[in-house]
Each structure stands twice: as structure tokens, then as C-alpha cells.
1. Do we have B:T72 as within 13 Å of chain A (Cβ to nearest Cβ), surrounded by fewer than 18 Cβ atoms within 10 Å (Cβ to Cβ) and among the β-branched types (V, I, T) here?
2. Kindly provide the set of residues from segment B:71-127 that are touching a strand residue (DSSP E or B) at 6+ places or on another chain (Cβ under 9 Å) and acidic (D, E), ordered by number.
3. Scan segment B:140-156 and tell me whether some residue there is surrounded by fewer than 19 Cβ atoms within 10 Å (Cβ to Cβ), closer than 23 Å to B:G51 by Cβ and within 14 Å of chain A (Cβ to nearest Cβ).
4. Which residues, taken from segment A:110-122, are crowded, with 18+ Cβ neighbours inside 10 Å and over 9 Å from A:R46 (Cβ atoms)?
5. Could you tell me which numbered condition B:F88 fails, if it satisfies all but one of (1) touching a Ser or Thr at 6+ places or on another chain (Cβ under 6 Å); (2) within 16 Å of ligand 2 (Cβ to nearest atom)?
6. State all residues of segment B:31-69 that are under 13 Å from the mean Cα position of the chain (by Cα) and closer than 21 Å to B:D206 by Cβ; if no residue qualifies, say none.
7. Name the strands (runs of 3 or more DSSP E) wholly within segment B:188-242 that hold at least 2 residues that are over 28 Å from B:K156 (Cα atoms), away from ligand 2 (no atom under 16 Å from the Cβ) and not polar (S, T, N, Q)?
8. Restricted to segment B:12-53, and to residues that are within 14 Å of another protein chain (Cβ to nearest Cβ) and among the polar types (S, T, N, Q), which residue is nearest to ligand 2 (Cβ to nearest atom)?
Amino acid sequence: MAYKFDFGAIVPHWELLVDGMILTTELTVIGAVVGVGLGIMGAWARASRAPVISQIVGVYVELIRNTPFLVQLFFIFFGLPALGVKLSEFQAAVLAMIVNLGAYSTEIIRAGILAIPQGQIEAAQSLAMNRVQIFRYVVLLPALKKIWPALSSQIVIVMLGSSVCSQIAAEELTFGANYIQAINFRAFEVYFVVTGLYLAMSILLRMGLKVLGNFLFERRRHV
Amino acid sequence: MSLVELHAIHKSFGALEVLKGIDLSIDEGQVIALIGKSGSGKSTLLRTINGLEAIDDGVIMVGGKKISERDTDLLALRLQVGMVFQQFNLFPHYTALENVMLSPQVVKKQSKPEAREIAEEMLTKVGLADKMMHYPDQLSGGQQQRVAIARALAMKPKVLLCDEVTSALDPELVNEVLAVVRQLAEEGMTLVMVTHEMRFAREVCDKLVFMHQGRIHETGDPEEVFANPKTPELSSFVGGLA
Ligand SMILES: Nc1ncnc2c1ncn2[C@@H]1O[C@H](COP(=O)(O)OP(=O)(O)OP(=O)(O)O)[C@@H](O)[C@H]1O
Ligand SMILES: [Mg+2]
């Protein structure tokens, strides 16, 4: 007997999906803002002349980039309590996303910093600016501008990656989907709809990041 | 007392010794032309004066005070000694006005109106009153270089170092930049300029320094030195240009 599709079976559970999307969005926004902030500091440390700090950050970056996100998440949620750090599902999920994006964006932003012509940095030095001032006023914005497309993609990847947070019962979108199909046995319909929802969220996120980029890097007169 | 004094400056890049004991004093109001063959160490010397290259040995004194390699000393040095580069090096995300205002605001903590007033004054001085709101990529090379000069001047340095400021320019844009430098010299600005513009050096500068293989090989009044080079290296250098 052929399978009879019944998308209507999802309707009674729509609130779960909406709640899931809200949580996914929250995870992504916090993870992206703090993660990119961490990436900016990491990239600065990598590019600075302080070798010890630069190496510590280098180890962090390689550690995160060469291990699965799911394991990082489990480590934070199930492993850290052994050290007395007990986090809620949401806290663990958001921390894992921050740590993960922090590492990837460190490398991406560092590439942007390295692409700034040395002459501009020397010009700033000759104007008696100190390191912090040079980074803040001369390096950061043009560096971010250069790598904004790559950084945007990484943020989308992290948003999609948040689906594995369902594994620690963080009640994001995938968690909602798993839950619904477990009670109505409509796996195809549920995951079909959820795929569409993720796709829509990705597209919206990309568009949002593009608008943000235009706002940040648009030629605005500051005076 | 000289504004800047260099004593026995040595500088190597790896095994290559580029500066082999340079002594030079820069007096207030003096306009010094630094000439010499490619690779003789002219840029390196200018960069050491501004602390962009650390020296291996020797002493740099600014206003009678010895400069160490500490960051605070370097910043104090750079407040006195400005620099203009061959490649302009404007900040691409700022307008001409913002380029000039930036350092007075963030380094000297001037208020925006104060910084703006000085920036407008400097941009007007270099003939760019009508280009203040342009971004660097909307300006010609000569205009960009003049913004770079205005940007350095806005910090009110005591000495301005110019490293081949017209070498990256199309020939028809050279004069507008040289005119600005000439005006600065006439106003009494202390200048050290690496240049290949011999006629300009002769007309505007009051001391000529010829570098050869990492040493100051010959120095003197431009007119005399050009008319009467004492060393064969300088006469061949001068002859080679003519
Ligand atoms: N950062 C560096 N690392 C290694 N070698 C360098 C560096 N900077 C300069 N040099 C070398 O030092 C020597 C002197 O260079 P410098 O740029 O001071 O010469 P210059 O007199 O300014 O020449 P030009 O007229 O071509 O500008 C050259 O042989 C150059 O290759
Ligand atoms: Mg040079």
C-alpha cells in the first residue's frame, strides 16, 4: 500500500516548531555576536607580536577546527560538570556555538587583517597611533569588509549546525521536529517541513548579513 | 641644538648591512635632500628616523632626548617627526577630511570641531578645499599624495620626512605635489626628503646628503655639490642622471 502523505498531522504541533525556530534564532544571534567578537580578539592576538598569546589562540583554533561540533557540545554539557561547571541545555548550546564560531572566525578575520597593506599600518604608526588605535580605526573595518562573505557563510553554517543541539535536548527546531515525529510517526512530513524552515531561515540570515554588511561598510561620512 | 641627531646608526637586514654608521643632524628649518642610488639605504635611513625600523646600534636624539625602543618613546618621537610615503597610504574607508582628522582626534584627543578646523586648514593649504568629502579612490595620485601631506601636517610635526613622494605619480601630477613641498620649505618647515628630482633638490634644499653603500658619502650645499662633486661616486651619480 502506497504511503499517504498527511501534512495536516503536523498542524496540531505547530507551536513546537515555532518555539524551536525562536530558540534556533536566539542561539544563532547570541552565538554569532559573541562568537565573532571572540574571533576579532582571537585574530588580533594571532596577528599581534605577543608570541605566547598568539600560540595559545592558535592551539584553541586548531583544537576546535579539528574536532566535531557534536563532541564539543557533549564535552561542554556532559563533561564540564565533572569540573563543577553545570550548564543548562541552552547555556551549553550557546557556549558551544560561541566557542566553535570563535575559532573559525579567528582564522577568517585573520586573513582579512593580513590583507591590509602594510603601508597603511606604517602610515598610522607614523601618525603616532598606538597598536589599539591602529587596530580599531585603520585595520578592523577594512579587514572585516574583505572577509564579510566568508564570515557570513560561517555564521550560516553555525546556525545550521545548531541542529545538533537537539542531542542535549536543547529545544531548538530539530528537537521540535524529532519530538513531533515521535508522537505522530510522520517523519517524512515533519522533516520535509523542517527542511523548508531551515532553508528559509538560512536565506533570511544571509540577506540579513548582507544588509548588515552594507550598513557597516557603506561609505558613510563620519563627520 | 639640532631637532634630530643621529649618531653612528647601524642597521642590518640579516647578513646585509644597510646602514654602516650614519651621523646626521637635522636643524630647525633645514631642508635636506637625501640622494643616492637604489639600494643605498635612503629609505631605511628615513624609516629609522621615524622608528619604523629598529636600529641595531647607534643613538637617535629628538629635541635633545635619547629615543629608546620602548613604545612610549616611539610615540613621542612620532609626534615630533611626521612621514609621507611614496605610496600615499591613505586609509581607504575614510574621506580625505576624515583621513586628516583621525590622528588629531584619537592621538591628540582633540575635539571633533577642533580637529575638523585644523584638517580643513591643512587641506586648503595643499589645494584640496573642494575635495574634502572624497574618498581616496575618487582622487588622483597627486591629490592623494597631497591629502597624505595634509594628514601628516595636521599633527603639527617639527620635522617632516618625505620618501620619494612623487615617484609613484604620473609625470603630469609631479609638479602639483612638488609645489606643496616647496611651499612648506618656504614657510620654514623642517624637511628631509629622499628625491630623484635633482633640479628641485637644487632649488629648494639647503643641504644635500649623498648616500652610497650604506654610508653618507658626501654632503654639502646643493649648488656646490652639484657643480663640484668631490667624489667619483657622486660625479658619476650626478652624471648618470643628466
Ligand atoms: N625589510 C627589509 N628586509 C630585507 N632587506 C631590506 C628590507 N628593506 C630594505 N632592504 C634592503 O636594504 C637595502 C637598502 O634599501 P633601501 O630601501 O633603504 O634603499 P633605497 O636607497 O631607499 O633605494 P630606492 O632608491 O630603490 O628606494 C636594499 O638592498 C634592500 O633590498
Ligand atoms: Mg627607497
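Any read-out appearing in this document is the output of simple, stated calculations on the displayed coordinates, not a laboratory observation. Small disclaimer: the values here were computed from a predicted structure and weren't measured. A quick note on method: Cβ atoms are made from the backbone with ideal geometry, for glycine too, and the neighbour counts reach across all protein chains shown.
1. Yes, satisfied.
2. The first filter runs over segment B:71-127 and keeps only residues touching a strand residue (DSSP E or B) at 6+ places or on another chain (Cβ under 9 Å), leaving B:73, B:76-77, B:80-86.
If the condition is that a residue be touching a strand residue (DSSP E or B) at 6+ places or on another chain (Cβ under 9 Å) and acidic (D, E), then B:D73 is the only one that fits.
3. Filtering segment B:140-156 for residues surrounded by fewer than 19 Cβ atoms within 10 Å (Cβ to Cβ) gives B:140-141, B:156.
Next cut, closer than 23 Å to B:G51 by Cβ only: B:156.
Filter once more, keeping what is within 14 Å of chain A (Cβ to nearest Cβ): B:156.
Yes, the conditions are met somewhere in segment B:140-156.
4. So in segment A:110-122, the residues crowded, with 18+ Cβ neighbours inside 10 Å come out as A:110, A:112-113, A:116, A:120-122.
Across segment A:110-122, the qualifying residues are A:G112, A:I116, A:Q120, A:I121, A:E122.
5. Among (1) touching a Ser or Thr at 6+ places or on another chain (Cβ under 6 Å); (2) within 16 Å of ligand 2 (Cβ to nearest atom), the lone unmet condition for B:F88 is (1).
6. Listed by number, the residues that qualify are B:V31, B:I32, B:A33, B:L34, B:I35, B:K42, B:L45, B:L46, B:I49.
7. Working: elements: B:190-194, B:207-212, B:215-220.
Correct list: B:215-220.
8. We begin by selecting, within segment B:12-53, every residue within 14 Å of another protein chain (Cβ to nearest Cβ); these are B:43-44, B:46-53.
Checking which are among the polar types (S, T, N, Q) leaves us with B:43-44, B:48, B:50.
Numbers: B:S43: 3, B:T44: 8, B:T48: 13, B:N50: 14 Å.
Only one residue fits best here, namely B:S43.
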